[in-house]
Structures are given as structure tokens and as C-alpha cells.
Amino acid sequence: MIRRHHSVPLPIISCQPPSLQKAAGGFLPLSLADNQLRYIQEVTSGSIALDSDVAASLSGKVSQLEEILLQLQLDLLKEQQDKAALQQQVLNLHQDNLRLQEESHSAAEQIRRFAAWMQRRGSLP
């Protein structure tokens, strides 16, 4: 349960990215994280008092989100490494393909020369 020292309204946290809040001179887009950060700053500055259960819950959720963020960062790093390895494999396969095409053309040319030489000798019909 939330208790208030002052009549400070709680910020409205929207799940619609990006939310818009009225600022001087127009609208300023603020993300959900910005709204949550402001709320946490208000809570920690003492403008809003929370039950210890709610504070512990928020702290636990922050820790959980930090763990998820760390895991996502690790997953992204692994995906980037896998992508780099696959790009290197594609480059190696492309180089092998070019080499094999050159070898194929060279072998075909050698066969044509050999067949012409055999014809000149009269060995082939």
C-alpha cells in the first residue's frame, strides 16, 4: 500500500512506448524507464513513503530486471560472435568457390588442349 506525505500524485506509467508528457513548449517523449526512474527518485528523496513490503518488492523487481538485462546482453554478445563466425565461413566458402571455378576452367582448358593434340596426332577419330 502506498502512503503519501504530501498530495503529490503518483506518475502514470504507461506501457505504450514512447509515452508523451507535457513539457514547457510542447510535448517531450519519455520512455517507460524515464517514468519509472522519476518515480524511484521521488520515492528515494522522501516525497513519497512506501511500505517496506512495496520497497522490497520494487528492489526485487529491479534486481530481477538487472539480471534479465545482463542475460540479454550476454545473449546479444554470443549472437554477434556467432554472426561474425558465420560471416567468416561465408567469406571462406566464397573464396573456395572462386578457386574451384578457376581450377575447373583450367582443367577444361587442359582437356581441350589434350584433345586437340590427340586429334593432330591422329589418335582420335
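Points worth noting:
- Some residue of region 70-91 being under 23 Å from ILE40 (Cα atoms) and in a helix (DSSP H, G or I): yes
- Top-ranked residue in region 27-80 [being hydroxyl-bearing (Ser, Thr, Tyr) and at pLDDT 70 or above; ranked as nearest to the chain's Cα centre (by Cα)]: SER63
The values are calculated or read from the model by the stated rules, or taken from the named source; none is laboratory data. Please read all numbers here as calculations on a predicted model, not as lab measurements.
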